[in-house]
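Data first, discussion second: the structure below is written as structure tokens.
Taken together, the values in this text are just the output of simple stated rules run on the coordinates, not laboratory data. Fair warning: this is a prediction, and the values are worked out from it, not measured in the lab. Positions of Cβ are generated from backbone atoms using ideal geometry, with glycine treated the same way; all protein chains shown enter the neighbour counts.
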Amino acid sequence: MNEFASNVERHRRELLVHCYRMLGSLPDAEDAVQETLLRAWRYRDSLKEGAPLRPWLYRVATNACLDAIARDERRAVLAARAAADEGWAGESEDVVWLGPIPDSVLEPSTPPARTPEAMTLMRETIEIAFLTVIQLLTPQQRAALILCDVLDWSAKDTANLLDISVSAVNSALQRARARLRERLPSRQPAWPASVDASAAERDLLKKYVEASESADFRAFESIIRADATFRMPPDFGAADGRDEMFKLWVEGGFGSERFGRLHCVVTHANLQPAVAAYVCRPGDSTWRAMALDVLRIEEGLITEIVVFPPDTLLLFGLPISMDAAPEMNTCH
């Protein structure tokens, strides 16, 4: 029994990433993994002697996620719309449960053979843009896409897991891939091949932090592409285009005296650069968490900013508040 539990536990992290892709929320994925481990123990006798453990665990985890989707009214509504081919043009903020995942959770789960192709697949299928779109698929389409295109399962094995026919799997895959083509943004490389990507990213993040802390819109213009998008799940704040983005920021008070000052901390989420923003309001002496900005970069410019609420910072081991430096006294 202890050996079984130990063998299952070794797969916990990769199951967490799988459940995260299925559900788009780290807390929900953690709950699904816990349910998976409970079910695995409860039904351990159903694993045939000599049968491989890993695919059996993925079956249990996938079913736990499908059950979680069915229980959640918000997800069930989107699933019904997707099944009826209704509302596919609906805005991504319908995915109100969407949340980021720290790179520290992802890195140990990268493929053992760290080939460029494997790393590219990992990156592309964990980005916020990808997760947003697949949450708008039917649960069956989403599961088929993840199992076949991400985990490289055969259509036959996927059909066995989902208890459907191979032709149904192929049909689900065809529809899922078509919808991804419709909704996913372009996949231009983040940096030219001749550029040191790590150094270039550090430089861009430095500029982003400086522009944020000084409310310098001209500096933002030099690093944000004109057609960039801005989203704020679970709120309905969204903007298409840099000008609309800046307008939304100004309407929110950014850059004004009443808004206060920002302090930024660089981190990474979903294998993308991210910036945690703290605000210190006039008359206050505490930096309070304001948001986590997850950035998508193409050809050296920011093309998408997805902003998550302040409590998200706890997932990244960052504080919700911290005292301002003594020499600052109050933030005015």
Exercise. Which lysines have a Cα lying under 29 Å from the Cα of Lys156, excluding residues fewer than 8 positions away in the same chain?
Worked result: Lys48
For this session: For Lys207, go through the lysines and keep the ones whose alpha-carbon is under 24 Å away, minus same-chain ones fewer than eight residues off.
Result: Lys247
For this session: Name the shape class, rounded, prolate or oblate, that the alpha-carbon gyration tensor gives for the chain, where a ≥ b ≥ c are the square roots of its eigenvalues, rounded holds for a/c under 1.5, and otherwise prolate holds if a/b is larger than b/c and oblate otherwise.
Result: prolate
Exercise. Separation of region 6-20 and region 196-254 by C-alpha centroid, Å?
Worked result: 35
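Are there trypsin sites (Lys or Arg not before Pro) in region 1-66 that DSSP puts in a loop and that have at most 15 other Cβ atoms within 10 Å, and which ones?
Answer by residue number: Arg10, Lys48.
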Exercise. In deg cm²/dmol and to the nearest 500, what is the mean residue ellipticity at 222 nm of the chain if only DSSP H runs of at least 4 residues count, each as -39500 (n - 2.57), divided by the residue total?
Worked result: -14000 deg cm²/dmol
Exercise. Which value, in debye to the nearest 20, gives the size of the charge dipole of the chain about its Cα centre, when Lys and Arg are +1 and Asp and Glu are -1 at the Cβ?
Worked result: 780
